[in-house]
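**Q** Dropping the structure in here first, questions after.
Only the coordinates and a few stated rules stand behind these numbers; no lab work does. Just so it is clear, the model here is predicted, and its values are computed rather than measured. Cβ coordinates were reconstructed from backbone atoms using ideal geometry, including for glycine residues, and neighbour counts include every protein chain displayed.
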Amino acid sequence: MRGQQPKTIVISGGTDGMGRATALARLRRGDTVVAIGSNEAKGRVLAEEAGRTGAVGRLRFLRADLSSIAEVERVAADIAHHHPVIDALVFCANRQSPKRRETVDGLEFTFGLYYLSRYLLSRRLRPLMDASAAPVIISVAGVGNTAGAIHWDDLQLERRYSTIRAQLQAGRANDLLGVAFAQRAAGKAAYVMYHPGFTRSGDASMFNPLVRGILRLLARFAARPVETSIRPIVEFIDNPPRAALTAIDRGRPVDSALKTLDPGDADRLATLTEELLSQHTPQTPPHGR
């Protein structure tokens with residue numbers, strides 16, 4: 001891009017939906033992109049498309065199950081080995097689970113993938129981001145939405161599980177993650193929480209055919225094109241905010257006084273998360289997972 005130095009971008013969930021579209025957009029601008037995804041075939045397709053845009057050598061695909069603590073640690077170490085500086089970290093990884101299931105570490109899957117992977121990556125990659133002139137973290141989630149809650153006495157939803165309950169809890173946890181990152185001054189990076197609204201993206205293969213059909217119909221008439229939803233992400237990478245924390249809900253700034261952005265809750269969740277991590281020795285996923 002004219003007037004811009006090439007950047008190094010790390011994208012979790014980089015082979016699907018908005019993550020994939022952001023990866024290709026940044027590659028076309030001349031950046032280096034590290035795309036993290038769980039599907040080897042999708043990684044190859046992304047690499048082929050990157051090659052067609054003239055970005056051979058500027059895309060690295062890292063296959064990983066980011067619901068696993070050990071896999072997140074492995075990915076962070078790999079990135080640190082190959083890239084001394086990270087300019088932008090974009091969190092898109094998320095996958096809904098119709099039934100409750102546990103990660104290899106014994107944690108509820110949505111909590112592990114959607115929230116904990118972001119918590120860990122934002123901390124493990126902090127030194128690389130602090131080496132950048134203007135680093136930014138962009139967390140794609142549902143900031144501005146006040147539905148759902150943190151179930152302090154049942155974080156792993158062992159007693160009452162539903163797909164929506166798990167998604168909303170992890171979404172509210174990601175709201176608090178951004179608040180905690182900023183208030184604890186956890187690095188030089190500006191932290192952006194971004195809610196794009198209903199977008200034609202993501203993997204619905206885990207749902208039954210009826211639900212997939214309903215989602216496709218809704219997307220056809222009500223969802224935003226993925227190219228529209230990623231424009232703010234691309235802009236934030238080029239021009240990181242000066243504020244430590246920025247929250248945008250479908251183009252509108254989010255009121256920092258919302259109950260879902262409570263600083264006390266953010267500190268409480270950060271403390272609980274550290275305690276949880278101290279109690280879990282990372283388990284290596286089974287071969288082929």
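**Q** Could you pull out every one of the lysines with an alpha carbon less than 22 Å from that of Lys7, ignoring same-chain neighbours closer than 8 positions?
**A** Partners within reach: Lys188.
**Q** Taking Cα pairs under 8 Å and at least six residues apart, what relative contact order does the chain come out at, in percent?
**A** Working: 509 pairs, mean separation 59.0, N = 289.
This gives 20 percent for the chain.
**Q** With n ≥ 4 as the cut-off for DSSP H runs, can you work out [θ] at 222 nm for the chain, using -39500 (n - 2.57) per run divided by the number of residues, rounded to the nearest 500? Show your work: numbers first, answer last.
**A** On the way: 9 runs with 117 residues, N = 289.
The per-residue figure over the chain is -13000 deg cm²/dmol.
**Q** On to the next question. For the chain, would you read off the P(r) tail past 37 Å as a percentage of all alpha carbon pairs? Spell out each step's value before the answer.
**A** Values: 3115 of 41616 pairs.
Result: 7 percent of Cα pairs exceed 37 Å.
**Q** While we're on this one: Less than 23 Å apart at the alpha-carbon level, and either on another chain or at least 8 residues along: which lysines does that give for Lys99?
**A** Answer for Lys99, where 23 Å is the Cα cut-off: none of the lysines qualify.
**Q** In whole Hz and in residue order, list the ³J(HN,Hα) couplings for the stretch 138-149 that follow from phi through the Karplus curve 6.51 cos²θ - 1.76 cosθ + 1.60, θ = phi - 60°; x for Gly and Pro.
**A** 10, 9, 8, 7, x, 4, x, 7, 9, 6, x, 7
**Q** Same structure, new question: Expressed in nm to one decimal, what extension gain is obtained for the pair Ala80 and Glu274 from 0.36 nm per residue of sequence separation less their Cα-Cα distance? Provide the component values of the computation, followed by the final result.
**A** Details: separation 194, 0.36 × 194 = 69.84 nm, distance 2.20 nm.
67.6 nm is the gain from fully extending Ala80 to Glu274.
**Q** Where in the chain lies the longest segment free of chymotrypsin sites (Phe, Trp or Tyr not before Pro) that are both loop residues by DSSP (not H, G, I, E, B) and have at most 13 other Cβ atoms within 10 Å?
**A** Details: sites that count: Trp152, Phe198.
The segment 1-151 is the longest one with no such site.
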